[in-house]
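I have placed the structure first, in the form of structure tokens, so that the comments after it can refer back to it.
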Amino acid sequence: MEFVAMLMVSLAMWLPGAGTPEQRAVPPLPPPFCGGLAETDCQLLVDAQELMADVKSMALAWQVGAAVSGIPDVADEDMMFGMEMDMNLHLDPMLNEQMRALATGNPADLLAAQEELAQGVVDLYANLAIDLDMQLALPGVLLQALEADEDVALPDTITMQMRMVDGYAYINMDVLAESMPEIVAEMEPEGIEGWIGFDFVGQLEQQMSRTAPDTSMLESIQMGMAFNQMTTDESIRTLLEPYISVERLEDEVREGVPVAVFRTSFDLARMVSNPSFTRMLREAADAIVAASGETVDPQELGTGILGVQLLANILARSFEFQYVQSIGIEEPYLYDFSTSLAMDLDGLITLLSMGGEDLPPELLGAKPVFNFTLDGSYTDFDSAPAVEVPEDAEIIPLDSLEQDSTNILS
């Protein structure tokens, strides 16, 4: 597993955390958007953000769904992706804040902070405890493409059971084999069965010690950091705020706990029609170019911004987004949330066609619709069951691990 890939995984893996490390100042989290909410309702959102940032353990369940429909000659079910995940999670909020401090720093300082960032990744994983059950449902078109182009046959559903304790990762090979019977033939001669484990943090440290970071990948991380900074910038938030609506719905109950329900929506169509949108795109582009360290021709940059604005206007015609969250009234924990996004893609296809793109035949005349959902729930705040080392787990010696041994965790 590449060193830089691990950095990217860790930087993207923002779990609730709190505390301010002494060695690096952490900027405060930006306040939640409150729209036209009453002051007391807005304060409940603020309190929930602060309380969830202090959680040290919890149980969570996520369901992710993504689908594209409306493509002739392609069944809708062949364009559907799904993921279900149940997890018990224990973390050190202080370490998480250290990582956030690095990720929200100046992108230009990333090269100088590599050693500190690498140590932060090691510490984060060494203190992370996870008990994970996950099921992936892969799109049929992806499976067909892999089989045709890569000669790789995968099942339409993959099931995985994994734990991480004290820097060691454990995988239940029997569960994996149930969804991928073809690997049984490879496991049996090696005597592999049940739980296997390996020193994940040790493997990570080895990779760091002998692998030079890839400059292009570091540049990609820098641009991601620039984007993070842009989304927390006060001027950008000021531009976004008029197009974000937040309302409090009727209160509900979660397992005997009264919760306040809030719905947030975003009016993309109205935003992209505002002249300020062009300024926001310009600021975003300037930040990304500065992070890349490259020189970009101003005329090319202007053409790119115009293209993005045109694309945004096309997609905004049917863009629908909402986020619903349930927050405890007495103790403002986030109990559950639901995110949904939908938009027509036929305008995008028309734009690509007009631009001379060679589109696949099945997309000609298609009017596809994209839908995405992410639903999650949280329980057992600061009282999640402990993550235990699996009984009879076979530990693979660190010096016998091949480079691809940890790909399953990527």
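Any read-out appearing in this document is the output of simple, stated calculations on the displayed coordinates, not a laboratory observation. Please read these numbers as outputs of a predicted model, since none were measured by experiment. Virtual Cβ from ideal backbone geometry, glycine too; neighbours counted across all protein chains shown.
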> Once amide H atoms are built 1.01 Å from N in the peptide plane, which residues 5 or more positions from M180, or in another chain, come under 5 Å H to H?
Replying inline: none
> What does the charge add up to near D199, with Lys and Arg as +1, Asp and Glu as -1, over the other residues with Cβ less than 11 Å from its Cβ?
Replying inline: -3
